[in-house]
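Structure, as structure tokens:
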Amino acid sequence: MMRAKALRQATFALVSISLAAFVFEPVSAKTLPSERAARALHERILTLDSHLDTPAVVARPGFDILKHNEWRTAFAQVDVPRMKEGGLDGGFWVIYTAQGPRTPEGLNAARDAGLMRAVVIREMLARSPKYFGLALKADDAAKIAAEGKRVVFMSIENSYPLAKDVSLLQTYYKLGVRLVGPVHFANNDWADSSTDKPEWGGLSPLGKELVAEANRLGMVLDQSHASDQVLDQMLELSTAPIIASHSGCKAIYDHPRNLDDDRLKALAAKGGVIQMNAFGAYLKALPQTPERRAALAKLAATYPNLASRSQADQDAFRQARARLDVEFPENRATFDDFMAHLLHAIKLIGVDHVGIGLDWDGGGGVVGLEDASKVWKITQALMAEGYSEADIAKIWGGNVLRVMREAEAKAQK
Ligand SMILES: [Zn+2]
């Protein structure tokens, strides 16, 4: 009797686990192909990251993207030397605007901030044409990479700077933007955020206009940060496939920023792609010590309005922050945690619907995958799982470019 009951419980536990998530041996426990073999394959394929928050760092006084910076002290994860070292050809460089008040003053300030961040990206391109190339169409990426330059697609994270004017999306299109996400951490006039209370029940009426306008222009829509209802509605309304540029899997870690299995399947059924992020707090629960939290709060209070302070203040803040990280170490996610999300998505919806969007310079990065110089390790881990070069090439950029091509084809001429 006891044995039968124990067996039933064990079977139930197994079924529960398999319903929740595929179970993988951690990458760290696997026999990996040699670094040389992994790098050789990695160098042959086009590698794009769909969410580089690096323009926020480029905008920092004194930052040099042509120089090798240290992530621990400079709090910068992407620059040309490290992209070359890790084998990252480029990606989507983000115009990110923090959500602020939805007042006329707030909207005006956001509109200016968004346009100025686009200028930062265009200035980076103009200043270093030997190192960067602006990609306006999917087919541009391979050509730019073949010239040995870094690929720069432009994207919008948070449509707050459109200032409730859908026609501004065309202005951004003309500036080079090809990917747009409606919302960030808090609800705005376009859509509900996954990390806020429902206000519109998904997209607002204006948000639905945004979907139609993006389709008309041939811009790809990005669901990351938006609520589950926004995803459902985008899938219903959009004539082109959509992506989640930096997200994770709810089956691995139940966080509002992550997508459940049914939604991942719905995204794939419409030809879309989830681009896996490496943002620790979305990968697993990471309780921090009260001492670290208190030290961070104290440091933030010492340097209020950091972004508008002098370069000396910003440097001093970063030095203090680096010391704090040594004194009160952060509880961080690992490369195994990241790979668990990536492999779950691939197992669930296939190699045609999963990609890479690590959220560099936006909070991404885990132990073992700290900056752009390490990205070849993802290829090594995928090889260890038995994926082919063709599969890995899709994951590293082929899929997101396919979605772009479909959006381009559907655009009204
Ligand atoms: Zn983000």
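Here are the numbers:
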item	result
Area accessible to solvent at S247, 1.4 Å probe radius, in Å²	0
Carbon plus sulfur fraction of accessible area for the chain, probe 1.4 Å, in percent	57
Heavy-atom accessible area per residue - region 170-312, 1.4 Å, Å²	39
Distance from region 351-413 to region 226-298 (C-alpha centre basis), Å	16
Ordering of 298-306, 229-237 by packing [mean C-beta count within 10 Å, highest first]	229-237, 298-306
For region 31-104: accessible area per residue (Å², 1.4 Å)	42
Ellipticity estimate at 222 nm from DSSP helix runs (n ≥ 4, -39,500 (n - 2.57)) divided over the chain, nearest 500	-14000 deg cm²/dmol
Region 315-413 - accessible surface per residue (Å², probe 1.4 Å)	36
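The values are calculated or read from the model by the stated rules, or taken from the named source; none is laboratory data. Keep in mind the model is a prediction, meaning the values are calculated, not measured. Counting neighbours? That spans all protein chains shown, and the Cβs are built from the backbone with ideal geometry, glycine included. When the accessible area is computed, the model is the full protein with side chains, heavy atoms only, and any ligands, DNA or RNA have been set aside. Shrake-Rupley method; radii C 1.70, N 1.55, O 1.52, S 1.80 Å.
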